[in-house]
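Before I ask anything, here is the structure I am working with.
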Amino acid sequence: MTTLTIANKVYSSWSLRPWVLMRELAIPFEEKTAPFESDSNWAAFRAFSPAGKVPCLHDGDSVVWDSLGITEFLAERYPGVWPEDAKARIWARCAAAEMHSGFGTLRQTCPFHLGLRIRLNDVSPALQHDIDRLNELWSEGLQRFGGPFLAGATFTAVDAFFAPVVFRAQTYGLPLTDAAAAYAQHMLTLPSMRQWQELALNETAREASHEAAVLAAGTLLADHRHNPA
């Protein structure tokens, strides 16, 4: 049986990627949760992940401990992970890899949080650069391959990689172009995205450093969690 270990849905953007990919493509798996704790999670997460991080996938004696590695592992075993069209597949892999290694200012300035709505204190030039590139990249994919997903008519791994950014745009009200905003709204209607969000909003655990980092980014407008602290 394939097992995917993730952390709290309300906080864990990296966990979202393989989870939503597997849910959307109906790839069977068992889910396990290792909640974030205060300070370092290294020792606890090392019990299941060589890198001491989430997500981590176990399949028989295979251990895959990175979201991009998990994606490629799944692509070798299941159809539909990457686009069938060669040009779309090349673009999708490059866009996913850019998301995997880039957009550092966006990640740092806008920590992942499903429950809160925040008005940012400031949009720095570095953050605006990341937002501009995001708008450019999404618009390029939609125009080249016809939408409504980034690499064509069907959901693939590149959409899974940008799923956390879709939720970040919702949390922080990021300024998106019309095309990018329409894509983000379409993503939010997917069953897997709606399920993840609903489960996140029902979580009762709170981790202080995650909460503080989000509140430091701007003004709290709302807390949509069903069990507010």
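To make sure I understand, if each residue's beta carbon is the centre and we count other beta carbons within 10 Å, what order do Val214, Val158 fall in, fewest to most?
Fewest to most other Cβ atoms nearby, the residues stand as Val214, Val158.
Find how many whole Å separate the alpha carbon centroid of region 131-148 from the alpha carbon centroid of region 193-222.
A separation of 28 Å, based on Cα centres.
Would you mind classifying the chain by shape? Square roots of the alpha carbon gyration tensor eigenvalues, ordered a ≥ b ≥ c; an a/c under 1.5 is rounded, otherwise it is prolate if a/b is larger than b/c and oblate if not.
oblate
With charges only on Cβ, +1 for K and R and -1 for D and E, what is the dipole size of region 2-75 about its Cα centre, in debye, rounded to 20?
In debye, rounded to 20, region 2-75 gives about 160.
At a threshold of 8 angstrom on Cα-Cα distance, excluding pairs fewer than six apart, so keeping six or more, what relative contact order does the chain reach in percent?
26 percent
Continuing with the same structure: Rounded to the nearest 20 debye, what is the charge dipole size of the chain about its Cα centre when +1 sits on each Lys and Arg Cβ and -1 on each Asp and Glu Cβ?
180 debye
What lysines does Lys32 reach when the alpha-carbon gap must be under 30 Å and sequence neighbours fewer than 8 apart in one chain are set aside?
Candidates past the 8-residue exclusion: Lys9, Lys53.
At a 10 Å Cβ-Cβ cut-off, how would you order Met22, Met1, fewest neighbours first?
Met1, Met22
Now for a separate question. Based on DSSP, what percent of beta bridges with both residues in region 1-115 are antiparallel, to the nearest 5?
The antiparallel fraction comes to roughly 65 percent.
Using a Förster distance of 25 Å, how high is the FRET efficiency between Trp42 and Ser101, based on the Cβ-Cβ distance and rounded to 0.05? Could you put the intermediate results ahead of the total?
On the way: r = 22 Å, r/R0 = 0.87.
That gives a FRET efficiency of 0.70.
Continuing with the same structure: With 10 angstrom as the radius, rank Ser209, Ser139 by how many other C-beta atoms surround their C-beta, starting from the fewest.
Sorted ascending by nearby Cβ count, the order is Ser209, Ser139.
With a sphere of radius 13 Å drawn around the Cβ of Asp85, what net charge do the other residues whose Cβ falls strictly inside it have (Lys, Arg +1; Asp, Glu -1)?
Details: positive: Lys87, Arg89, Arg93, Arg144; negative: Glu84.
Its environment carries a net charge of +3.
Name the residue farthest towards the positive end of the dipole of region 2-75 from the options Trp19, Ser38, Phe73, assuming +1 on Cβ of Lys and Arg, -1 on Cβ of Asp and Glu, about the Cα centre.
Ranked along the dipole, the leading option is Ser38.
Run lengths n ≥ 4 of DSSP H only: what is the helix-derived mean residue ellipticity at 222 nm for the chain, with -39500 (n - 2.57) per run over all residues, to the nearest 500?
-15500 deg cm²/dmol
Once you sort the root eigenvalues of the Cα gyration tensor of region 25-108 as a ≥ b ≥ c, which label holds: rounded (a/c under 1.5), prolate (a/b larger than b/c) or oblate (the other case)?
Oblate, because a/c is 1.5 or more while a/b does not exceed b/c.
Considering only DSSP beta bridges whose two residues both sit in the chain, what percent are antiparallel, to the nearest 5?
On the way: 13 of 17 bridges.
Among the beta bridges of the chain, antiparallel pairing accounts for roughly 75 percent.
Now for a separate question. How charged is the neighbourhood of Arg225? Take every other residue with its Cβ under 15 Å from the Cβ of Arg225, and add Lys/Arg as +1 and Asp/Glu as -1.
It works out to a net charge of -2.
What relative contact order, as a whole-number percentage, does region 17-128 give when Cα pairs under 8 Å and 6 or more residues apart are counted?
Details: 63 pairs, mean separation 16.8, N = 112.
Here the relative contact order equals 15 percent.
Counting only complete DSSP H runs, which helices of the chain cover 18 Å or more along their long axis at the Cα atoms and score a mean Kyte-Doolittle of -1.0 or above? Can you show the working numbers first?
Working: long enough: 86-101 (23 Å, -0.10); 125-145 (30 Å, -0.77); 157-172 (24 Å, 0.82).
Both cut-offs are met by 86-101, 125-145, 157-172.
What does the charge add up to near Met1, with Lys and Arg as +1, Asp and Glu as -1, over the other residues with Cβ less than 12 Å from its Cβ?
Local charge sum for Met1: -2.
Please report the relative contact order for region 2-75, taking Cα pairs under 8 Å with a sequence separation of at least 6, and give it as a percent rounded to a whole number.
Here the relative contact order equals 36 percent.
FYI, it's all coordinate maths here, none of it is from the lab. Source: prediction; values computed, not measured. Neighbour counts are summed over all protein chains in view; Cβ atoms, including those assigned to glycine, are modelled from backbone coordinates with ideal geometry.
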